[in-house]
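Participant: This is the structure I have questions about; it appears just below.
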Amino acid sequence: MIVARICSLALLILLASGSAATSPPRIAIIIDDMGYQLDAGRRAIELPGPISFSFLPGSPRAHILAVQAFENGKEVLLHLPLQAKPNDEIQEPLGIVLDMNRREFGDTFEQAFLSVPHAIGVNGHRGSMLTRHPGHMKWLMEEIRSRENLFFVDSFTTHESVAVQIAGETGVEARKRDVFLDPDREPETVAREFERMKRLADKRGSVVAIGHPYAATLALLERELPKLADDGYELVTISELVRAQ
C-alpha cells in the first residue's frame, strides 16, 4: 500500500513537471504613446490578440481611443510622462517632474489618471531621471496603491531605475520591460527586435515587449502575431504577466 502511494505520488510529480515543461513561453506586448494619431491608433487597436495599449494623458485623442480599445477587449494603461533628464521640459501635458512637492505630484497624477478611461495599470513615458529617485518612486507607488488593483510596468529607460524595487517595497504589483520592438522605425530593426523578443521568451519563460504605433511596427505585428501560437508562443495580457510574478 505504501509503495503504491509512493508510486502514485511520483507519477503526479512527474506529470506536473512535464506539464510545466511543456507550457509555451508567454509574451505580453504594450503599444505606447497612444493618443495623438487617430488613424494609427485605430489601426493598432485592431491588432489581433490581447495586445495592451498605453495612452498619454491629456493627449487629444486619448479618451476616444482608450474607450475604443476597451470596447475591443484590450487592456488600457496610463502612459505617465516622467522627467528624463535635468532641465528637461516635459513635452506632453500632465507630466511628473523632480521639483514637484508631494501635493503637486498627487494632483498631477490624479488628473493624468482621470484623463485615460478604463486604465488598469500605469507605465512610464521617458523617465530616465525620475525613475532613479527612490523618494519620487515611492510617491508614485503610493498613488498607484491607493487606487484598487492598479499595477505598474517600468518602461526601463535606464538600468539605474529603482521603480520595480520600490514597487515591491510599497506593495504594488510591477514588472519591467524586456524589449523595445522599435528603438528606431526601420522595418529591419523591428524585425530584429521581434526575433530577439522570442529568443528571450524561450530563455526566460516570459517577456514584456513595448512598441509604438509606427507604420513599420504595426505592419510587422499584423503579419507576425497570427503566427505566434504556431511558433510555440502564447500571447497574453500584460496584467496576466504582472500578476503571475
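Participant: Which of (1) within 17 Å of the chain's Cα centre (by Cα); (2) surrounded by fewer than 19 Cβ atoms within 10 Å (Cβ to Cβ) is the odd one out, the single condition Gly127 does not satisfy?
Facilitator: (2)
Participant: Quick check: anything in segment 27-35 modelled with pLDDT of 95 or more and on the phi > 0 side of the Ramachandran plot?
Facilitator: Initially, segment 27-35 is screened for residues modelled with pLDDT of 95 or more, giving 27-35.
Right, trim to on the phi > 0 side of the Ramachandran plot and you get 33, 35.
Yes, that holds for at least one residue.
Participant: While we're on this one: Can you name the strands (runs of 3 or more DSSP E) wholly within segment 22-108 that have at least 2 residues being closer than 19 Å to Arg223 by Cα?
Facilitator: Values: elements: 26-34, 52-55, 75-82.
The qualifying strands (runs of 3 or more DSSP E) are 26-34, 52-55.
Participant: Moving on. On the given criteria, is Ser23 within 27 Å of Met197 (Cα to Cα) and at pLDDT below 95?
Facilitator: The answer is yes for Ser23.
Participant: Going through segment 103-124 one residue at a time, which ones are touching a Gly at 6+ places or on another chain (Cβ under 9 Å), crowded, with 20+ Cβ neighbours inside 10 Å and touching a residue at least 40 places away in the same chain (Cβ under 8 Å)? Let's see the steps before the verdict.
Facilitator: Start the filter on segment 103-124 by keeping residues that are touching a Gly at 6+ places or on another chain (Cβ under 9 Å), which leaves 108, 111-112, 115-116.
Next cut, crowded, with 20+ Cβ neighbours inside 10 Å only: 108, 112, 115-116.
The answer is Ala112, Ser115, Val116.
Participant: Can you tell me which residues in segment 178-201 are within 19 Å of the chain's Cα centre (by Cα) and part of a helix (DSSP H, G or I)?
Facilitator: Val190, Glu193, Phe194, Glu195, Arg196, Met197, Lys198, Arg199, Leu200, Ala201 - these are the residues of segment 178-201 that are within 19 Å of the chain's Cα centre (by Cα) and part of a helix (DSSP H, G or I).
Participant: Any residue at all in segment 55-63 that's polar (S, T, N, Q) and under 30 Å from Asp202 (Cβ atoms)?
Facilitator: Filtering segment 55-63 for residues polar (S, T, N, Q) gives 59.
When the remaining residues are screened for being under 30 Å from Asp202 (Cβ atoms), the result is none.
Looking for residues that are polar (S, T, N, Q) and under 30 Å from Asp202 (Cβ atoms), one finds none in segment 55-63, hence no.
Participant: Let me ask something additional. Can you find, within segment 70-94, the residue that is surrounded by the fewest Cβ atoms within 10 Å (Cβ to Cβ) among those that are hydrophobic (A, V, I, L, M, F, W, C) and modelled with pLDDT of 95 or more?
Facilitator: Here is the first cut: in segment 70-94, the ones hydrophobic (A, V, I, L, M, F, W, C) are 70, 76-78, 80, 82, 84, 90, 94.
Going one step further and asking which of them are modelled with pLDDT of 95 or more, we end up with 70, 76-78, 80.
Details: Phe70: 17, Val76: 23, Leu77: 28, Leu78: 27, Leu80: 31.
Ranking the candidates gives Phe70 first.
Participant: Another question about this same structure. If I go through segment 146-174 residue by residue, how many of them are part of a helix (DSSP H, G or I), in contact with a helix residue (DSSP H, G or I) (Cβ under 6 Å, 6 or more places away or on another chain) and surrounded by fewer than 20 Cβ atoms within 10 Å (Cβ to Cβ)? First the steps, then the outcome.
Facilitator: As a first pass, look at segment 146-174 and keep what is part of a helix (DSSP H, G or I): 163-170.
Checking the rest, the ones that are also in contact with a helix residue (DSSP H, G or I) (Cβ under 6 Å, 6 or more places away or on another chain) come to 163, 166-167, 170.
Among the residues that remain, those that are also surrounded by fewer than 20 Cβ atoms within 10 Å (Cβ to Cβ) are: 170.
Selection size over segment 146-174: 1.
Participant: Against the conditions (1) in a helix (DSSP H, G or I); (2) over 30 Å from Leu38 (Cβ atoms), where does Asp231 fall short? Just the number, please.
Facilitator: Failing condition for Asp231: (1).
Participant: Still on this structure: Answer with yes or no whether Lys176 is of a type in the set (Lys, Arg), more than 24 Å from Phe151 (Cα to Cα) and either at pLDDT 95 or above or touching a Gly at 6+ places or on another chain (Cβ under 6 Å) (or both).
Facilitator: On the way: of a type in the set (Lys, Arg): yes; more than 24 Å from Phe151 (Cα to Cα): no; either at pLDDT 95 or above or touching a Gly at 6+ places or on another chain (Cβ under 6 Å) (or both): yes.
Against the criterion (of a type in the set (Lys, Arg), more than 24 Å from Phe151 (Cα to Cα) and either at pLDDT 95 or above or touching a Gly at 6+ places or on another chain (Cβ under 6 Å) (or both)), Lys176 does not qualify.
Participant: In segment 136-145, how many are under 17 Å from Val242 (Cα atoms) and crowded, with 21+ Cβ neighbours inside 10 Å?
Facilitator: Step one: of segment 136-145, the residues under 17 Å from Val242 (Cα atoms) are 141, 144-145.
Next, from what is left, pick out any that are crowded, with 21+ Cβ neighbours inside 10 Å: 141, 144.
Result for segment 136-145: 2.
The values are calculated or read from the model by the stated rules, or taken from the named source; none is laboratory data. None of the values given here were measured: they were computed from a predicted structure. Neighbour counts run over all protein chains shown; Cβ positions are idealised from the backbone, glycine included.
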